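The structure appears below as structure tokens.
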Amino acid sequence: MIFDLQVLYGAALFYLFVLFSLAYITDSGLVSVKWVQHPVIYVLSLGVYATSWSYYGSVGLAQRDGYLFLTIYLGVTLAFLLAPVILKPILRLTRDYQLTSLADLFVFRYRSQAAGVLVTLFMLVGALPYIALQIRAVTETVQVLTQEATPQMLALVFCATLILFAILFGARHASPREKHHGLVAAIAFETAVKLLAILLVGLYAVNEVFGGAAGLAQWLAAHPEAVERLYAPAREGPWLTLIFLAFAASFLLPRQFHMLFTENFSARALNSAAWGFPLLLLLLNLAIPPILWAGTHLRPEMNPDYYLLGIVLDAPTWLPVLAFIGGVSSASAMVIVSTLALSSMCLNHLVLPASPPTPKMDLYRWLLAVRRVLIALIILAGFGFYQLLEHNQGLADLGLISFVAVAQFVPGLLGVLFWARANRIGFIAGLAGGVAMWFLTLLAPLLHASGILQEPLSLVFLRVEGAHDPWAFATFWSLTVNSLLFVGFSLWFRQSAEERETARACRSDTFLPLAGVVAAHSPGQFVEGLSATVGREAGEREVAQALQDLDLAADESRPAELRRLRERIERNLSGLLGPQMAHMVINQQLALDSRAKTALADSMRFVEERLQQSRSAMKGVTAELDALRRYHRQILLDLPLGVCAVEADRRVVIWNLALEVMSGVPNRQAVGRNLQDLPHPWSELLAGFARAGDEHVHHLEVQAEGRKRWFNLHKARVWDTSLGPGGGAARERSGLVMLLEDLTDLETLEAELAHTDRLASIGRLAAGVAHEIGNPVTGIASLAQNLREEHDPAEIERSIDAILQQTRRISGIVQSLSNFSRSGAAGLEPARFPLDAALSEALSLVQLTHKAKRVTCDCSCPAGLVLNGDRQRLSQVLVNLLSNACDASRPGDRVDVIVIDGGEEITLEIMDQGQGIPQEHRELVFEPFFTTKPAGEGTGLGLPLVYKIVQEHGGRIELDSAPGVGTRVIIHLPKH
Amino acid sequence: MSSRQDSESYRELSLVLGLLFALLFLSPLADWWMSRLWVWYLPYLLWGGVLVLGALIHWRCGSSERDDR
């Protein structure tokens, strides 16, 4: 069957419309991100590896080299099976340091822009034949189906469509931080289409050409040489070489690197791809032998590369059209993704070094515009190469030339992952040597065959004379020269300090905390610095983004956090401008003071993180030590006391959980911050205590969160043992550990206890009070009764005065009782008050209770003596002591109260003539719940509270008692 | 098993699987099975067998591995 060009054109256009629509609706958010980020989509998107070379060329390669065609996929399988060892570390680096291409990775590791230029140019040269191959595959398949020469315009339209798609869906964002979901979905769709097409053609071959599996088996029995032709070249050909080339290409080809790492959204997806992607390749290749044998059986007059189309020419129309669309899918996916990857490399390593950004330009728009122009230029360059190519060259040959090209990056990549001593000179020398050998052994013959090079270069003869297999020969010699130069120069020349640093960053089992302190002191200064190079808008955006990434506040001032901010900005800029340009911008504008000491908190955090990551690798004593370290650390963190450790410069190193709860300041906000910069009141409390000479402060009252709180504080010096014990320098460099004990709950409990005691006293006072109130009430009642019959105004006036006098007396009693019994707040409420008034109030309350005993109370207090203290609490002291004195007295005894003004101190003595306190009880009377009174009469809380209140007022209490003679309680209180 | 242990196991089992793959496809054993000419789809069977093991390893360790983004 011969197809009309219009039909094919229409089918291709319809397919591309579907592709554009899918990408568009995905990017518009109409397809859930969860679906797009499903591992199946990721695996299918990696199917970009299978280009038209795989789609069409595998059959041709199988016809010529048997099962050698499988090596192109077996090598990939090996690389993916080893994903945790090889691909994961690369993924970690690309994500951590925002590296978007292989060139970025090498530039980051070897800190050389020249390396980036070389890698980019070589990638470009290696990829152009491959892009040309895709264009050729499409045009030749049109020729196969239409049996007419393909117009050049068709190739150009194909290229223009790809340019449009790549620009619309592959270059939407300037930063690789934003993933291209539309692109990923479209590439996955393309893989699904080519898989479906190739499986259906395979089924057609078995069922229609051979009449089923049995027919195929019969045909194979009749043609035993068909199977032998598959196996024989594999046994004799460059099986190992091709597996190695495919192994390298599976992650080093620009398109593979792009889809595997740049568009990767989760490390777990890579785990799924470790077996899922090789399975996809297996399915794509399962149909190749049946298609080859169908072609051998039908003998269509065409290049075996196109048997996939040739055997279905007589099938229903939809099948050859689907097969053709599968080919278009393979070619377009490869061109689009390769171009995107190459454009990013060209931008970062060719354009930006030649034309660095200026503050006046809109950086993001400029980057997008340049990237889009580069996309167009690269595809058009591929088109140009396609026109120059000699068309007899097999598809597989062009693909393998690219494979050998990317294999030249293997030594350099091994250096990135495993060899810390590798350096930029070795890398550049090795790559240059390898590229030269690749050019002489593979590209020059290709160009010569295409008529581009007129004279074969002398070394090309090596290939002819030295080996019967060009691939093994070219691979061996190019990699040998490459590796020898790489190793030799790396050993000969010394690494720069920057290279040593990045070499450590590339090795997951080594670790170095961020050193130095940023000269800028705030994110605002970061913006100023960056604006000088990338412009105000980009500076603000990048700083804001980095602050958001690290969850830092816009007013962050901690040096360690600013150092992290600088690191993060460099990483983010690396995704935008490439690692070398980002490094340059950051070094120029955000200088480091490398002499400044790295904050201990910062070092500790990095050590913790590092140990956390490598814990599973620890064994024996190391593991035991780590367990011990974690145990000690956990003790600190879980201690029910607030723990705050600070460096010599008063920066917080440890801020434990209890302190977080106590202060409401999270650990991540406190660590690394100077004590002075902590939120109020913790800055004053801790910084003040750190400065103070006392090592212990008890019962310190602090106003926090709108309420009073009480703390005991303790501190100890943490010596810098590296400076030796006790010296002056060691003292200056020593840190502090401070413990905070929150007494607020205890204080509240004690206040409640005091209140309970007061209520108990009121209970004891109640009878006396009732009696005392009862007398005036009786008097008032009698006076009121007399007033009914009294007509003399003077007598009425006297009665009214008498009533008022009695009511004042009642009010006085009630007021005293009320003052005494009201619930006090926790803590002292100091105020100046007259001591004699408080004393007489207490005396009157106590006398009411003990009136029956006829105890005489004599009070001697200097008039106008003022005391500074909590009046209610001190009244409680007086009531408790006087009650005890009266309780101990016999009827008719005296209780004397003497107050002596001692200038700074007031001494208050309460003496009774009671039975006294036995010697064995004197030590116990201040203990809570100790009482000698009968059950129901004493709580045992009175004297302990007295002791506590006096102590709170900074006073002291003494007890002097002689059994049978009496007791004297002496209280010393500071006046102020 | 913790995700860290899973990660270590995954890494070790992947290496073992890589060695098995090398034994089947990169050693003289490959020459031996290729010269037997048993069935044309033998390479696919071996390839598929390795992938089944890969999938089992993934389900056992890799799927619960922490996504250390």
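Observations
- q = 0.12, 0.18 Å⁻¹: log10 I(q)/I(0) that the Debye formula gives for the stretch A:291-430, counting C-alpha atoms only: -0.79, -1.18
- Mean projection area, nm², convex hull over Cα of the stretch A:5-390: 19.5
- Length gained on full extension, A:D677 to A:D555: 42.8 nm, using 0.36 nm per residue less the C-alpha separation.
- Rounded to the nearest 20, the Cβ-based charge dipole of the stretch B:3-64 about its Cα centre (Lys and Arg +1, Asp and Glu -1) stands at 80 debye.
- Listed residues A:P353, A:A205, A:L279: farthest to the positive end of the dipole of the stretch A:5-390 (Cβ charges): A:P353
- For A:L865 and A:Q37, the difference between the fully extended length at 0.36 nm per residue and the C-alpha to C-alpha distance is 289.8 nm.
- For the cross-link pairs A:K88/A:K360; A:K948/A:K975; A:K34/A:K194, the ones whose C-alpha atoms lie over 28 Å apart are A:K88/A:K360.
- The Rg/Rh ratio of the stretch A:123-281, with Rg taken over Cα atoms and Rh as the Kirkwood radius over Cα pairs, comes to 1.02.
- Net charge dipole, chain A: roughly 2120 debye, given to the nearest 20, about the Cα centre with Cβ charges of +1 for Lys and Arg and -1 for Asp and Glu.
- Value at 222 nm in deg cm²/dmol, rounded to 500, when DSSP H runs of n ≥ 4 in chain A each add -39,500 (n - 2.57): -20000 deg cm²/dmol
- Unit charges on C-beta of K, R, D, E only; dipole of the stretch A:513-593, Debye: 180
- Between the Cα long axis of helix A:793-821 and the first principal axis of chain A there is an angle of about 40°, rounded to the nearest 10.
- Extended-chain gain in nm, criterion 0.36 nm per residue less alpha-carbon gap, A:L298 and A:L121: 59.3 nm
- Farthest towards the positive end of the charge dipole of the protein assembly as shown, among the residues A:T100, A:L413, A:Y386, is the Cα of A:Y386, using unit charges on the Cβ of Lys, Arg, Asp and Glu.
- The orientation-averaged projection of the convex hull spanning the C-alpha atoms of the stretch A:830-906 amounts to 4.8 square nanometres.
- Rounded FRET efficiency, nearest 0.05, which uses the C-beta distance separating A:Q703 from A:L491 and R0 of 60 Å: 0.35
- Relative counts (whole %) of C-alpha pair distances in the stretch B:3-64, using bins that are 10 Å wide: 22, 43, 23, 11, 1
- Distribution of pairwise C-alpha distances over the stretch A:489-580, 5 Å bins, in %: 3, 12, 20, 22, 17, 12, 7, 4, 2, 0
- 4 °C / 1.567 mPa s Stokes-Einstein diffusion coefficient of the stretch A:253-321, Kirkwood radius on C-alpha pairs, µm²/s: 88
- The long axis of helix A:497-506 is offset from the longest Cα principal axis of chain A by roughly 90 degrees.
- Pair A:S782, A:L156: separation of 7 Å Cα→Cβ label points (nm): 13.3
- Nearest 10 degrees, 0 to 90: helix A:181-204 Cα axis against chain A principal axis: 40
- Where only alpha carbons of the protein assembly as shown are counted, the Rg and the Dmax (Å): 45.3, 153
- Here's the picture: charge each Lys and Arg Cβ at +1 and each Asp and Glu Cβ at -1 in the protein assembly as shown, and of A:L882, A:F926, A:L848 the one pushed furthest to the positive end of that dipole is A:F926.
- Residues within the reach of a label modelled at A:R92 (point 7 angstrom out along Cα to beta-carbon, backbone nitrogen below 13 Å), restricted to the stretch A:415-433, are A:417-418.
Laboratory data are not the source of any read-out in this text; all were calculated from the coordinates shown. Source: prediction; values computed, not measured. Note that each Cβ is placed from the backbone with ideal geometry, even for glycine, and that neighbours are counted across all protein chains shown.
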